[in-house]
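In what follows, a single structure is set out as C-alpha cells and then discussed.
Any read-out appearing in this document is the output of simple, stated calculations on the displayed coordinates, not a laboratory observation. Just so you know, these numbers come straight off a predicted model, no measurement behind them. Don't worry about glycine lacking a Cβ; one is built from the backbone with ideal geometry, like all the others, and counts go over all protein chains shown.
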Amino acid sequence: MRSSVYFYPTLKETPQEAHVASHRLMLRAGMIAQVTSGIYTWLPLGLRVLKKVENIIREEQDRAGSLEVLMPTIQPAELWEKSGRYHDYGKEMLRIQDRHEREMLYGPTAEEVITDIFARFIKSYRDLPKRLYNIQWKFRDEIRPRFGIMRGREFLMKDNYSFDLTPEGARASYQAMLEAYVKTFARMDVTAIPVRAATGPIGGDLSHEFQILAETGESEIFYDPAYETLDVNSVTLDRLQSLYAASDELHDPENCPVPLETLKTARGIEVGHVFYFGTKYSIPLGAYVMGPDGKQVPVEMGSYGIGVSRVVAALIEAHHDKAGIKWPESVAPFKMGLLNLNVKNSACVACCDDFYHKLLQADVEVLYDDRDLGSGAKFADMDLIGLPWQVIVGPRSAEAGMCELKNRRTGERIELSLEDALNRIKQ
RNA sequence: CGGGGUGUAGCGCAGCCUGGUAGCGCGCCUGGUUUGGGUCCAGGAUGUCGGGGGUUCAAAUCCUCUCACCCCGACCA
C-alpha cells in the first residue's frame with residue numbers, strides 16, 4: 001500500500017480527551033475516530049489490526065473444536081424475559097422499540113439467543129458436546145465510557161457457548177477454552193493471567209478473568225511474582241493455573257499460598273472472561289436433550305468472552321514507547337514500512353519502487369511512504385504507527401544499492417544491501 | 001446518577017474577569033526551497049465563538065435555559 005493513496009490521518013498533537021497511552025496513540029496514529037461518547041469509527045489502519053486480532057482468536061476457537069455462527073446485534077425482549085434477565089440487566093442494556101412498538105434490545109451478550117438456537121435444533125446427547133461462538137458487535141450502555149476503545153459502549157466481542165451433557169463434560173469444555181485463550185494471547189505476544197473471579201450478572205459457580213498487566217488497567221489483581229518471568233511462547237495452562245492469582249474481590253490474604261512479602265499487586269486489563277454456569281439458561285430456555293437413559297436433561301453450559309476491540313487497546317498498552325506503538329508482528333497492520341526519503345530523486349524513487357514491487361510479489365504486507373514530505377515527518381509517522389520493520393532508503397543509499405533496516409521493537413538498525421534486506425524480510 | 005471541568009478554524013490553545021471590527025501555533029491550499037529525525041520563505045483559504053432565550057446602542061465576553069464532550073466515584077469484554 002502506498003501512503004500517498006492510503007488513509008491514516010496522523011496527528012502531531014495529542015487530542016485533549018485522550019489520557020491513556022492506547023487511546024492517545026490510536027487517535028494519533030489515525031486508527032480510530034470518535035463518533036460520540038464510547039462509539040468509534042475504525043479507520044483503515046485500525047481496522048487492519050482489529051481484523052488480525054479477530055482472526056487469531058477465530059483460528060484458536062476453531063482449533064479448539066468450536067463452530068462459528070453469526071448472531072444478530074438486535075434481539076427481541078421476549079427471549080430475555082424467558083431467562084429472567086430482561087428486568088435484572090438494568091440500564092446497561094440499550095432498549096429500543098421497532099415500528100410496531102415491539103420491545104427490542106441491542107445485545108450486550110448472547111446467552112439467550114444461542115440457547116434458544118440450541119433448544120430448537122439439538123435434541124440428543126449424541127450431538128454433544130457442542131461449542132458455538134460468534135464474533136459480533138455488542139452494546140453496553142456504560143455509565144461512563146472511557147479510555148477510548150478500552151471501555152467503549154459498542155465493542156467487538158468473541159463469545160463462545162459450550163453445551164455438555166454433564167458437569168464433568170462442561171468442566172472439560174471450560175479447560176479447553178482456557179487452553180485456547182492461553183494460545184491466543186501468546187500469539188499476540190502478551191501474557192494474560194487467568195484470575196479467579198466473581199461471576200457477576202452472568203451467574204454460575206466458576207469463573208476466570210484473563211488479565212493483561214498494565215498500569216492503566218481498571219482492576220486490581222494479586223498474583224504470584226512468577227507470572228512476570230513466564231515465557232509467553234512456551235507457557236502452558238497447567239503452569240498458569242498452578243500459580244496464585246485473584247481479583248481484589250476474591251483475594252483472601254488469610255489463605256493465600258504466596259507469602260505476603262512476595263505477593264505482587266498490579267493493575268490488569270480484563271480482556272477475557274469465562275464462566276461455567278450449569279443450567280442457569282438451559283432450564284428457562286428449554287435447552288434439554290434426551291440422555292442415554294431416555295430421560296430429558298437440561299444441558300450444562302458455559303460462556304467464554306474475549307473483548308476483541310479491547311484487546312487492540314490492551315496490546316498498545318503493553319507495547320509502546322514515547323514515539324508510538326510497537327506492534328507485535330502477528331497483529332501489525334503491515335509487516336513493514338518502506339521509507340523513500342526523497343521522492344524528487346529519480347534514482348531513489350526507482351530503487352524504492354522496485355523494492356516495493358518485490359515485496360508485493362513476496363506477499364510481504366508493506367506500507368510504502370512515497371509522500372512528498374520531509375524525512376523527519378516520515379520517520380515520526382512510521383514510529384508512531386509502529387510497524388515492526390522499517391526499510392529506509394535515501395538518495396545516498398539508493399546510489400549504492402543499500403538501505404537501512406530498522407527494528408521498531410528493539411530500535412536496532414543495520415545497513416545492508418536491498419537484496420539482503422529483502423531476504424531477511426521474507427523470513 | 002452524584003461531584004468537578006471544557007465547548008472559539010481540521011487539531012492544540014489565547015481572548016471572557018473589565019462588552020466595542022475574532023486571534024496564535026500546527027495542519028490545509030498555491031509558488032519556491034529543503035531532503036537521514038516533524039526544513040525554510042512568501043502568499044492564501046477556513047469560524048452559525050456548541051444551541052435557544054434575555055440584558056444592552058453593541059455580546060465570544062454579562063444573565064438564563066439547554067445540549068454535547070471530558071475528568072473523579074459505584075458497574076463491565
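Ranking A:Val391, A:Ala192, A:Ser22 by how far each Cα lies toward the positive end of the dipole of chain A (charges on Cβ) leaves A:Val391 at the top. Charged side chains reduced to their Cβ positions (Lys and Arg at +1, Asp and Glu at -1) give chain A a dipole of some 920 debye around its Cα centre.
Binning all Cα-Cα separations of segment A:235-368 at 10 Å, short to long from zero, yields these whole-percent fractions: 9, 18, 21, 19, 15, 11, 6, 1, 0.
Think of chain A as having a plus end and a minus end, set by charges on the Cβ of Lys, Arg, Asp and Glu; of A:Ala110, A:Tyr227, A:Ala332, A:Ala332 sits farthest toward the positive end of this dipole. If the segment from A:Gln361 to A:Arg396 were pulled out straight at 0.36 nm per residue, it would be longer than the present Cα-Cα gap by 10.0 nm.
Normalised by the number of residues in chain A, the average gap of Cα pairs under 8 Å and 6 or more apart makes the relative contact order 16 percent.
Is segment A:48-166 best put as rounded, prolate or oblate by its Cα gyration tensor, with a ≥ b ≥ c the root eigenvalues, rounded for a/c under 1.5, and otherwise prolate when a/b is larger than b/c, oblate when not? Verdict is oblate for segment A:48-166. Using the rule -39500 (n - 2.57) for each DSSP H run of four or more residues, divided by the residues of chain A, the 222 nm mean residue ellipticity is -9000 deg cm²/dmol.
Residues in segment A:58-72, backbone N under 20 Å from the label point at A:Lys183 (7 Å along the Cα-to-beta-carbon vector): list them, ranges by number please. Residues A:58-69 qualify, since their backbone N sits under 20 Å from the label point.
Rounded to the nearest 20, the Cβ-based charge dipole of segment A:336-426 about its Cα centre (Lys and Arg +1, Asp and Glu -1) stands at 200 debye.
Note on chain A: dipole from Cβ charges, positive end direction compared against A:Phe210, A:Val289, A:Ile414; the farthest Cα belongs to A:Ile414. Placing unit charges on the Cβ atoms only, positive for Lys and Arg and negative for Asp and Glu, gives segment A:1-135 a dipole magnitude near 540 debye about its Cα centre.
Here chain A was treated as a single set of alpha-carbon atoms; its pair distances binned every 10 Å from 0 give 4, 20, 26, 23, 15, 8, 3, 0, 0 percent. Screening chain A for DSSP H helices whose Cα atoms reach 20 Å or more along their own axis and whose mean Kyte hydropathy is at least -1.0 gives A:44-63, A:167-187, A:346-361. Per-peptide packing, taken as the mean over residues of other Cβ atoms within 10 Å, places A:224-233, A:111-120 in the sequence A:111-120, A:224-233 from highest down.
With 10 Å bins beginning at zero, the pair-distance distribution over Cα atoms of segment A:378-427 amounts to 26, 53, 20 %.
Contact order, relative form, for segment A:336-426: 32 percent (alpha carbon pairs under 8 Å, 6 or more residues apart, mean separation divided by residue count).
Tell me, in nm to one decimal, what length is gained between A:Met290 and A:Ala33 on full extension, where the rule is 0.36 nm per residue of separation less the Cα-Cα distance? Could you put the intermediate results ahead of the total?
Numbers: separation 257, 0.36 × 257 = 92.52 nm, distance 5.07 nm.
In short, 87.5 nm is gained.
In this label model, A:Ala226 and A:Val258 are separated by 1.0 nm, measuring between points 7 Å along each Cα→Cβ vector. Model label sites at A:Val5 and A:Leu416, defined 7 Å from Cα along the beta-carbon direction, differ in position by 3.0 nm. Taking every DSSP beta bridge that has both ends in segment A:299-406, the antiparallel portion is near 35%. Computed over segment A:336-426, the quotient of the alpha carbon radius of gyration and 2.2 N^0.38 Å is 0.96. Taking label positions 7 Å along the Cα-Cβ direction at both A:Ala198 and A:Gln175, the computed distance is 2.9 nm, reported to one decimal. Lys-Lys pairs in segment A:336-426 that are eight or more residues apart or on separate chains and whose Cα atoms lie under 20 Å of each other come to 5.
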